[in-house]
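The next block holds one structure in the form of structure tokens; read it before the comments.
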Amino acid sequence: MSSPRPAVPTAATVPSPSTPVTGGSATSSTAPTVAELMDFVRGTARDEALIASLPLDPEGRTWIRLDGPGGSEAWLIGWPPGTGTGWHDHADSFGAFTTAAGSLKERSLAVRLPTDGWKTLELTDGVDRSRELATGQGRAFGQNHVHEVLNESEAAHAVSVHAYYPPLPRIRRFSRTGAVLRLEQTERPEDWQ
């Protein structure tokens, strides 16, 4: 049985770096801003002792959970050569990440996805974005940002720092074939902790 196909999504908007963004039960007085999350990931990425403490595995990603600013969720992640996340979003959370070592590629979709009630979506032309993020480079993103992050190196690990607010309520995972994006599964915090 196939789900009804929603209308073609429109271009996504990302909050300005100085705007507090709230979601769920957060209030604007306690929510960190996108700029604060970006400052946090950049500062943490410069902590050489912390970056060196992350155990690196040649087969799979490794991570350490960190305390982020204003109650945000943060992670230090190690990426072996040739690994990636697959297409996903962070649902109602906004965030930022910075490459602390090596280089990562982010592929993203400039679309605003429906929040629920769909399984398959046909993307329009021109929604694909790609950027290389060398050591010290990062980016912030808004809610429902669809992307995949990859270490395309054949020999070198990469390390990155990520922060999300509110703490991740769920991650939606997608598959993509050409212009068709398909919702494959929804993960909750208990699935990755």
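The values are calculated or read from the model by the stated rules, or taken from the named source; none is laboratory data. Nothing here was measured: the structure is a model prediction, and the numbers come from that model. Positions of Cβ are backbone-derived with ideal geometry, glycine not excepted, and every protein chain shown enters the neighbour counts. In case anyone asks, the SASA skips ligands and DNA or RNA and just uses the protein heavy atoms, side chains included. Shrake-Rupley method; radii C 1.70, N 1.55, O 1.52, S 1.80 Å.
A few points about this structure:
- Dipole magnitude for the range 113-168: computed about the Cα centre from +1 point charges on Lys and Arg Cβ and -1 point charges on Asp and Glu Cβ, it is near 260 debye.
- In the assembled protein chains, residue 63 presents an accessible area of approximately 130 Å² (probe radius 1.4 Å).
- Accessible surface of the range 54-121, 1.4 Å probe: 51 percent of it comes from carbon and sulfur atoms.
- Stokes-Einstein D (µm²/s) once Rh is taken as the Kirkwood radius of the range 57-193 over alpha-carbon pairs, at 10 °C in 1.306 mPa s: 103
- Local charge for residue 71 was computed over the other residues whose Cβ lies under 14 Å away, with Lys and Arg +1 and Asp and Glu -1, and equals -2.
- Per-residue Karplus couplings for the range 62-71, computed as 6.51 cos²θ - 1.76 cosθ + 1.60 with θ equal to phi - 60°, are listed in order as 10, 7, 10, 7, 10, 8, x, x, x, x Hz, Gly and Pro entered as x.
- The H on the amide N of residue 184, modeled in the peptide plane, is under 5 Å from the matching H of 173, 174, 175, each at least 5 residues off or on a different chain.
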